[in-house]
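Read-outs: derived from the displayed coordinates by stated rules, not from any lab. All of these numbers come straight from a predicted model, not from anything done at the bench.
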Amino acid sequence: MPARSFKTMKTANWKTLAVSVVCLMLLSTAMVQIVFAASDKDTKILLSEHFENKRKLENVWSFVAGVGEENGIGGVAPGGSWTVVDDGSGNHVLQAQSEGGIRGTAAFAGDTRWKDYTIEARTITTDSYMGLIVQADSYRKTYYSCYVSPNWLGGLIEIFKHTNGIWGRTWLAEKYTDNYITQADWIDLKVRISHPNGGTLLDVFFKLDGPNQQYPETPQLQYFDTNSPYTSGRVGLIFYDNGAYGSTYELFDNVVVTASK
């Protein structure tokens, strides 16, 4: 067989190199697609509620009210006023009010099997607290609640652990932030739940609502519960009033729950 010329060998080598480059590009593309697919899976939406449709709230949410704190007992009672209203701009939001002389009301949704997830909502209040619930049981008695309170020198964040309804609770943590907010401010509130090392980690974030506002990279308040922690549960919205019974309210919108794994 005649020997191949140097030119022929050089051409063959370049063809081999070109094929190798194409294969590497295809492999890289496949790897990126796998990463994107995993990312999409990691951010699966469990619940998305914007209160724009006309379905009955009871098909998604269940409602309870708290027995008065002055009675020194917890428990739950049916009630509270939860109504879809117009916020004045044509946008529908969920309005929460206490009624019947009972302070506090909560709305629950989701699945008790949910474990690691993030709940986020847009909210405003004419009262003292704006709150979200995580890891709630089917009886709506045990859960964590996370609040932001306006009109402090800095936005006050608190975390409570409930063992017997709205008022059957134990304070876990608080922090005054550098973010001053008032009762005229819409905020975005976010709570992230995870379960490292046998406990339950709560990360709380908030920011002023608006297109140019961003959550901080690190939580503004964090608490790691290792004392009989709640490890799965539903989500919820919670409103406390100052005792004026029906004259104040909280509005909720854009409630989204995403699974982290």
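Remind me, relative contact order of the range 151-261 in percent, using alpha carbon pairs under 8 angstrom and six or more residues apart? Mind dumping the intermediate values first?
On the way: 144 pairs, mean separation 20.8, N = 111.
Worked out over the range 151-261, it gives 19 percent.
I'm checking a number: the convex hull volume of the Cα atoms of the range 45-259, normalised per residue, in Å³. What is it?
Output value, Cα hull per residue: 121 Å³.
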